[in-house]
Amino acid sequence: MNLYIAVLPGDGIGPEVVAQALRVVRAVCEKFNHQLTYEYGLCGASAIDAVGDPYPEKTHQLCLRSDAVLYGAVGDPRFDNNPSAPVRPEQGLLAMRKKLGLFANIRPVQTFDCLVHKSPLKDELVRGADFICIRELTGGMYFGAKLEGDDEAYDTNHYTRTEVERILRVAYDYARQRRHHLTVVDKANVLASSRLWRKVAQQMAPEYPDVVTDYMYVDNASMRMIQEPRFFDVMVTENTFGDILTDEGSCITGSMGLLPSASVGIHTSVFEPIHGSWPQAAGQNIANPLATVLSAAMMFDYAFHLPDEAALIRAAVDASLAANARTADIQVSSAQPLSTSQVGDWLVDWIKAN
Ligand code: IPM
Ligand code: MN
């Protein structure tokens, strides 16, 4: 197969983790005889520095003509404490999501047995937890009408029925492929936008009689996630709640460095780790590349429909964990941590040998 990938490394540790994921992708393509072509694009702070725009039109055109986008991370401390910066790296990510129509963000929260000891939760609570958060990604407060004045400011949590319905369909499809349990997370006791979500979900639920649908307020859901994470199978929620809950989800598993994501919708899908740009670690070759490597596995699954290739990447990751070939964030105390690129070396060697 011919595979054409846009590679957007972004800022901070983005380039380092993407480099290792790309090596893994190359190794898998060699093994399965795929013709891989990839092209780099600018985004985030590095794009602001180079061309003054965090998501340049050139990058957008590259994404549009690609089969998939492999994305690192954006963000830079130069902007974080400067609320009056005229343009911010994060705007590039938001522009990309909006212009590519990526309305569904799929974030699996899965624990690895050998890393349960790294979780802040008790072993017996977290072991076996395995759910997917489906976050709406192009609506809500992120994109609604805003006012940013000196004495007054607001963001509007605007949703249409069409937006709610299409994300719920994605969630129901996932629930059908999994354990047939969907939790719709909202704040319908307070917010009008949430009541629309709940109304639409209640109208759609009878179309999916094989799926158990339940409804949970977001404050309760955030508590349930740490009290009983195994309760969840698929959860679906709006943009802002999903942003917050998936950070919570990522730390349940023991390390943020492990969780991949896919953003899908109308145009080319984007695959990215859910962690940020970790600027303090940039250039040190210490960041965990596994979340990006696992995002590449999701890319083979969802963008290319090549499940064997995806499974091989996941098997390589499992083997590296079992062999303690791990970066410092997840290493056991008795073993030497590997660098970012050493984990990449290990994975590539394993793929070649298996
Ligand atoms: C995420 C990030 C982004 C978001 C930021 C970087 C704009 O936190 O992908 O979760 O808030 O969506
Ligand atoms: Mn976030």
Taking loop as defined by DSSP and a crowding limit of 11 other beta carbons within 10 Å, which trypsin sites (Lys or Arg not before Pro) in region 110-198 fit? Lys122
Largest first and rounded to whole Å, the semi-axes √(5λ) derived from the alpha carbon gyration tensor of the chain read 30, 25, 21
Pairs of Cα atoms under 8 Å, at least six residues apart: use those to get the relative contact order of region 120-252, whole percent. 39 percent
Quick calc: nm separation of the 7 Å Cα→Cβ label points for Ser341 and His267 -> 3.4 nm
Cross-link list Lys122/Lys199; Lys98/Lys187; Lys98/Lys146; Lys99/Lys352: which exceed 26 angstrom alpha carbon to alpha carbon? Lys122/Lys199; Lys99/Lys352
Provide the gained length on full extension for the span Glu248 to Met223, in nm with one decimal, where the gain is 0.36 nm per separating residue minus the Cα-Cα distance. 8.0 nm
Rounded to the nearest 0.05, what FRET efficiency do Val332 and Arg161 have when you use their Cβ-Cβ distance and R0 = 45 Å? 0.35
So for the pair Glu39, Arg127, with labels modelled 7 Å out along Cα→Cβ, what separation do we get in nm? 5.0 nm
Normalised contact order of the chain, rounded percent, pairs of Cα under 8 Å and 6 or more residues apart: 23 percent
What is the distance in Å between the Cα centres of region 144-222 and region 317-344? 38 Å
Pulled fully out, how much extra length does the chain show between Glu148 and Lys58, if you take 0.36 nm times their separation in residues and subtract their Cα-Cα distance? 29.5 nm
If you restrict to DSSP beta bridges whose two residues both lie in region 4-118, what percentage is antiparallel, to the nearest 5? 0 percent
Using only helices, what value at 222 nm comes out for the chain when you add -39,500 (n - 2.57) per DSSP H run of length 4 or more and divide by the total residues, to the nearest 500 deg cm²/dmol? -13000 deg cm²/dmol
Largest-first principal axis extents of the Cα set of region 120-252 (Å): 49, 38, 23
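Read-outs: derived from the displayed coordinates by stated rules, not from any lab. Note that the coordinates shown come from a computational prediction; the quantities given were computed from them, not determined experimentally. For neighbour counting, all protein chains shown are included, and Cβ atoms are generated from backbone atoms with ideal geometry for every residue, glycine included.
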